[in-house]
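First up is the structure itself, then whatever we jot down about it.
The values are calculated or read from the model by the stated rules, or taken from the named source; none is laboratory data. Please read all numbers here as calculations on a predicted model, not as lab measurements. FYI the Cβ positions are ideal-geometry reconstructions off the backbone, even for glycines, and counts take in every protein chain you see. Each accessible area value is taken on the protein alone, full model and side chains, heavy atoms only, with ligands, DNA and RNA left out. Shrake-Rupley method; radii C 1.70, N 1.55, O 1.52, S 1.80 Å.
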Amino acid sequence: MRTWLIAAAAALAACTTTASAPHIDTAAVVAFSHPSLSADSLVAHVNVLASDEFEGRAPGTHGEQLTLAYIERAYTALGLQPGATEGDGSRSFLQEVPLTGALVDNAPSFTVAGADGSHAYTFGNQFVGWTKRVEENTSIANAPLVFVGYGIVAPEHHWNDYAGIDMHGKIAVILINDPDFETGDDRGFGGRAMTYYGRWTYKYEEAARQGAAGAIIIHETAPAAYPWSVVQSSNTTQQFDVVHDDNGMSRVQVEGWVTNDVGREILHRAGQDYDALKHRAQTPGFTPVVLGSLQGSVTLHTQIQHTRSYNVVGVLPGRAEPTEAVIYTAHWDHLGRCNPVNGDGICNGALDNATGVSGLIELARHYVEHGAGRRSVAFVAVTGEEKGLLGSRYYSDHPTFTPGNIVADINMDGLSIYGPARDLTIIGIGKSEMDDLATAAAQAQGRRIRPDPFPERGSFFRSDQFNFARIGVPVLYTGSGIDLVNGGEARGTALVNDYVAHRYHSPQDQITPDWDMTGATQDLTVLYNVGRGLVDGSSWPAWRPNAEFRAVRQATHPSP
Ligand SMILES: [Zn+2]
């Protein structure tokens, strides 16, 4: 109750020319002793969230409890309204997200038998595998292997990699990314930019639709956009999923990856050549290739855990249209404890995504300081992003505002730590009018907008805005500028590549003295101005005509 009063007071102060500043309990959070959105405030939040004490913020751990308490304390200190509803109907900052934990604990190998004998590819180094079915024992025995190219069925592009084959009882062997990633031209799949068809999640979903028993992706660093070590570290620990009505029984029995060497060896054992098959897979009219007499077997034992995690939802209610909302998101979770490097076994997730959570809290503070708007603005810290965008999936399936009334989602996943830049990146540019708003706000800072410099990484599908787009909400997801004031594009590109190669999803993603978050302040100011314009206005940004999410929006928010 008290918090509602303070929020109301803050809103009132805003519309009646801020005689008295909104009450913010600055003592509650160290970072609040610095100006809102400032580099010092952001660093102060990151120092807490990415400390070893927070243990890498994995769901279901002590690190989770500390993180939730920190964000709740900040939202309370700002006087935000609790945006979620508990089972008993009472308001809470915490939206419970039921999850199923699954840990494969028998180090299964992937055995491939053929005329040349049987070979077991070992768990971790050569193969990773799991099941999304909620069951303890899963087994595939002697299933024929079928090479299905990129494993894509796209009627709009007259493309069907499963044409003419019945996949029941068989294992699909699949390439990562999409057919025109390496061809230098656009064959309908966006050229070097990864489409959703190129994502690993899509590969397993399509194989399931085809009735396959198993689906194994052959890893390759460039088209995957990360090394095998990432596949290994992400898939040998406990995995989570949101609770599905069918307990995952519509999924294939076994999902997994093999290294590039193992993939090449399996194809070779079937008398095929990896590069030649890839070339065929990139060519329209590709048809599946049964891999001789090769048969695959995998036996999994999975420890099932029914658990829960939490999204944190804080709201600054609108004065005139409180049921309409602009939503800011950032995932608070990271990997927790991970494979040690130089004796350090905590993946602190400083850039990924303690920076984004810091930005979320500081944006909330900046909004409170400047007063409530015509519409509501919500700040949603989501869980389970590292485990497959789970918190945002749950939120988008259980939104606290009607989807058609959500004006836009503005997501933050990794803010700039390299100082100010002359540009700003829009991930997934070209899909909606949100681009225009961001472009105007950046130009007001004398900066230019650029498309994603690494389109092959498919970043648009790899963070939480994707789940809002999935329910039709126009989204904005920006990345740090590359053209750094200090060192230009050369330094910007080198720093990002160094991060991806050496610190992404590893214990080395830690805050260091050379961090400069003044660039993040620049970017957050753009995100604030874009959102503020929508919160104080009545416009509804729309998807571009060619955007794959436009049809959903038409259904939830018919344009006049
Ligand atoms: Zn992230």
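Which aspartates and glutamates have a Cα lying under 12 Å from the Cα of Lys203, excluding residues fewer than 8 positions away in the same chain?
Lys203 reaches Asp161, Asp178, Glu255.
Enter the accessible area of Lys203 (Å², nearest 10), with the probe set to 1.4 Å and all protein chains included.
So the heavy atoms of Lys203 present about 0 Å² to solvent.
Given axes a ≥ b ≥ c from the Cα gyration tensor, I'd like to know whether segment 419-482 is rounded (a/c under 1.5), prolate (a/b larger than b/c) or oblate. Each step should come with its number before you reach the end.
Numbers: a/c = 2.42, a/b = 1.45, b/c = 1.67.
Taking the square roots of the gyration eigenvalues as a ≥ b ≥ c, segment 419-482 is oblate.
Among rounded, prolate and oblate, which fits segment 147-230 when a ≥ b ≥ c are the square roots of the eigenvalues of its C-alpha gyration tensor, a/c under 1.5 means rounded, and a/b larger than b/c means prolate? Write down the numbers at each step before the final one.
Numbers: a/c = 2.26, a/b = 1.23, b/c = 1.84.
It comes out oblate by the Cα gyration axes.
Where does helix 434-443 land angle-wise versus the long Cα axis of the chain, in degrees 0 to 90, nearest 10?
Tilt of helix 434-443: around 60 degrees.
What does the extension gain come out to for Asp514 and Ser539, with contour length at 0.36 nm per residue minus their alpha carbon separation? Walk me through the numbers before you get to the answer.
Working: separation 25, 0.36 × 25 = 9.00 nm, distance 4.10 nm.
Answer, rounded to one decimal: 4.9 nm.
Could you calculate the contour length gain from Arg280 to Gln554, that is, 0.36 nm times the residue separation minus the distance between their Cα atoms, to one decimal place in nm? Please list the in-between numbers first.
Details: separation 274, 0.36 × 274 = 98.64 nm, distance 3.81 nm.
That pair, Arg280 and Gln554, stretches by 94.8 nm at full extension.
Taking the highest mean first, how do the peptides 332-338, 498-504 order by number of other beta carbon atoms within 10 angstrom per residue?
Working: 332-338: 24.6, 498-504: 14.9.
Ranked from most to least packed, the peptides come out as 332-338, 498-504.
Ranked highest first by average number of other Cβ atoms within 10 Å, how do 40-48, 295-303 line up?
On the way: 40-48: 21.4, 295-303: 19.6.
Descending mean neighbour count gives 40-48, 295-303.
Sum -39500 (n - 2.57) across every DSSP H segment of at least 4 residues in the chain, then divide by the residue count to get the 222 nm mean residue ellipticity, nearest 500. Please report the intermediate quantities before stating the final value.
On the way: 15 runs with 163 residues, N = 560.
Taken over the chain, the calculation gives -9000 deg cm²/dmol.
With 24 Å as the limit, write out which pairs from Lys278/Lys431; Lys132/Lys387; Lys278/Lys387 have Cα-Cα distances beyond it, or answer none.
Values: Lys278/Lys431 30 Å; Lys132/Lys387 12 Å; Lys278/Lys387 29 Å.
Those over the limit are Lys278/Lys431; Lys278/Lys387.
In the P(r) worked out for the chain, what percent of Cα pairs fall beyond 34 Å? Each step should come with its number before you reach the end.
On the way: 61908 of 156520 pairs.
Pairs farther apart than 34 Å: 40 percent.
Give the calculated FRET efficiency between Asp185 and Asn339 to the nearest 0.05, with a Förster radius of 45 Å applied to their Cβ-Cβ distance. Spell out each step's value before the answer.
Values: r = 39 Å, r/R0 = 0.87.
Computed FRET efficiency for Asp185 and Asn339 comes out at 0.70.
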